[in-house]
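Before any comments, here is the structure.
The values are calculated or read from the model by the stated rules, or taken from the named source; none is laboratory data. The shown structure was predicted, so the numbers you read here are calculated from the model rather than taken from an experiment. Every residue, glycine among them, receives a Cβ derived from its backbone with ideal geometry; neighbour counts consider all protein chains shown.
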Amino acid sequence: MKKLIVPSILSADFARLGDEVRAVKDAGADWIHVDVMDGHFVPNISIGIPVVESLAKSAPPPMDIHLMIDNPDEFVEKFIDAGGDAVRGVTVQIETCKLLYSTISAIKARGVSAGIALNPTTPLSALEEVFEYVDMILIMTVEPGFAGQKFIHSMVPKVRKLRDIIDRSEHKPLIEVDGGIKLDNIHVIAEAGADAIVSGSGIFHTESYAETISLMRKAVSGK
């Protein structure tokens, strides 16, 4: 399976966000990762529903929406409505969901992919009861909340373990990995078994998005 390269707009220039999204689309991005932060679950506030609605009008790559908020159940459908057909999926943090089955069901009922994200200190065992219902599992390789953090290398075995679990299972959710991933370490995550790899500053803080994404594709292909 082709490894997906997913720029995180958290590291984009917000003064020209529409142009930035079009630029990574033209550079070959598979999706764009949209980090939604509330200042409660994570110590930062990022973007909200109006921004997603505006982005959807600019024909972006499929939007991969990650809700890092305390009350995702109240906002899942609102973000899907805001993004419309541009939304490929919504991922919620397992640590924030009081009624996880209901949250997953609400996402899937709208015809988009349902994902579950795990913070670095959250064990894979937390997925046990919901594993067969999710379409994607996001492993965070930094503490969520800020762009540009240093990659936590001790998360690589966690990705490998999840890959092994999925390979031995009839259910095959995608593995997404996010946090501190750049050109010099993306191959490590690819080799560990990630399907979709999120990179923020590793793409948006480079001079040529097209060149960076091209080099990342070569790195993850092993060629």
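Determine whether region 97-104 contains at least one residue that is at pLDDT below 95, outside any loop (DSSP other than H, G, I, E, B) and among the charged types (D, E, K, R). No: zero hits. The sole residue among D64, D70 that is in contact (Cβ under 8 Å) with a residue 24 or more places away in the chain, in a loop (DSSP other than H, G, I, E, B) and closer than 17 Å to A117 by Cα is D70. Taking region 77-105 as the range and being touching a strand residue (DSSP E or B) at 6+ places or on another chain (Cβ under 6 Å) and closer than 16 Å to P50 by Cα as the test, the residues that pass are F79, I80, G83, A86, V87. When the residues of region 191-210 are narrowed to those that are free of Cβ contacts under 8 Å to residues at least 60 places away in the same chain and among the charged types (D, E, K, R), which ends up farthest from F14 (Cα to Cα)? This residue is E191. Only a single item in (1) at pLDDT 95 or above; (2) more than 24 Å from D195 (Cα to Cα); (3) in contact with a Pro (Cβ under 9 Å, 6 or more places away or on another chain); (4) not hydroxyl-bearing (S, T, Y) is not met by V42, and it is number (1). Summed over region 53-93, residues that are closer than 26 Å to D19 by Cβ and among the aromatic types (F, W, Y) total 1.
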